[in-house]
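All remarks here apply to the structure that follows.
The values are calculated or read from the model by the stated rules, or taken from the named source; none is laboratory data. Nothing here was measured: the structure is a model prediction, and the numbers come from that model. Glycine also receives a Cβ, built like all others from the backbone with ideal geometry; neighbour counts cover every protein chain displayed. For the accessible areas, the whole protein counts, side chains as well, though only heavy atoms, and no ligand, DNA or RNA atoms are used. Shrake-Rupley method; radii C 1.70, N 1.55, O 1.52, S 1.80 Å.
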Amino acid sequence: KTNPSAQQLGRQASLRVFGIAPGSYGAGINRLAERSGAWEQRSELADVFIKRMGHAYGAGLNGEATQVLFRQQLAQVSHTFLGRASNLYGLIDNNDAFDYLGGFNLAIEHVSGQQPDSSVIDHANNKKLKISPLSDALLSELRGRFLNPQWIKPLMQEGYAGARTMGSEFIEYLWGWQVTSPEIITDQVWEEVKAVYVDDSLQLELDWFLSDGHQQHVQTNILAVMLVAIDKGFWDADLQTQKQLAEQFAANIIEKGIPGSGHTHANHPMYDFVKSQLDTDTAEVLEAVLARSRMQTSETASSPSPIQELQ
């Protein structure tokens, strides 16, 4: 293999535009976050981001794989930005924001050892440009919208569709930010979310709403995300909270079955933690429900590989 010329080395050092391979879509962080049983360490997600986004573009380059050079550039990044030209979507009501900005920050942390300073540029109105730290933007949106009764009450009037917006969108996207930005989504955030969505601290009868009919499946997913956050060490919840969430989660599954969710499939490692919080009889009943849901056993088939890209 010949050594690169000075011209080739200069071109490599000049690369600044990286993205996914031609014809692909997404940085991969959103899908992996939703499949929380498929990974153990955040570094696994960072590696996937680098693999997917490490394709160079520019003069004479059309998405060639240059992950080594991408890593070298990431090591030099100290500040990241996300520009928002519209108020139609926020940072927590879709999964693109944490897929790209969150994944970018996570990849930089993985390479350099620390998260970069990260900011959100609001240029929807060019006469009122605003730059906010990512933490301020996220927490302001969290409390102004998702913990706000004026947002929650109209959704409750929409029945199951409203419940899905709460538990299959908001909670999922909050979890995505948890995985990529744990210094922002702290214990206090989960305690506030639990108070509203589990304990009905706003006295909206939200606990009743989420346990009614098919909405209970959404409630089960909310509880599952909270339990995964505890099990993976993101949320240092007190023992009473752990027991409360596990018991309600198990009761829902025993009564209604397992919802279609990447956090609740029968082989999810989180169930070991859940069963440790239950009395023996309830744990056995829960395991029986899980056993009936498993399509394969170790005797008949090898375990599936949940994330092919990690191999």
Quiz item: Percent antiparallel among DSSP beta bridges with both residues in the chain, to the nearest 5?
Solution: 65
Quiz item: Rounded to two decimals, what ratio of Rg to Rh does segment 1-131 give with C-alpha atoms and a Kirkwood Rh?
Solution: 1.01
Exercise. Measure off, as a whole percent, the carbon and sulfur share of the 1.4 Å-probe accessible area of segment 85-145, all protein chains present.
Key: 49
Quiz item: Counting every Cα pair in the chain, what percent are over 34 Å apart?
Solution: 30
Quiz prompt | Zone residues, segment 208-241, relative to D200, backbone N less than 12 Å from point 7 Å out along Cα-to-Cβ | solution = 208-212
Practice problem: Name the longest site-free stretch of the chain, where the excluded sites are chymotrypsin sites (Phe, Trp or Tyr not before Pro) in a DSSP loop with no more than 16 other beta-carbon atoms within 10 Å. | Solution: 90-311
Quiz item: How far apart, in nm, are the 7 Å Cα→Cβ label points at E183 and K130?
Solution: 2.3
Practice problem: Determine, from the Cβ-Cβ distance of E287 and L239 and an R0 of 25 Å, the FRET efficiency 1/(1 + (r/R0)^6), rounded to the nearest 0.05. | Solution: 0.70
Quiz item: Could you give the nm distance between label points at R11 and E255, where each point is 7 Å from its Cα heading toward the beta carbon?
Solution: 6.5
Practice problem: Return the loop-located GluC sites (Glu not before Pro) in segment 154-220 (DSSP other than H, G, I, E, B) with at most 16 other Cβ atoms within 10 Å of their own Cβ; answer none if there are none. | Solution: E158, E183, E205
Practice problem: Filter the trypsin sites (Lys or Arg not before Pro) in segment 108-164 down to the DSSP loop ones having no more than 13 other Cβ atoms within 10 Å, then list what survives. | Solution: K127, K128
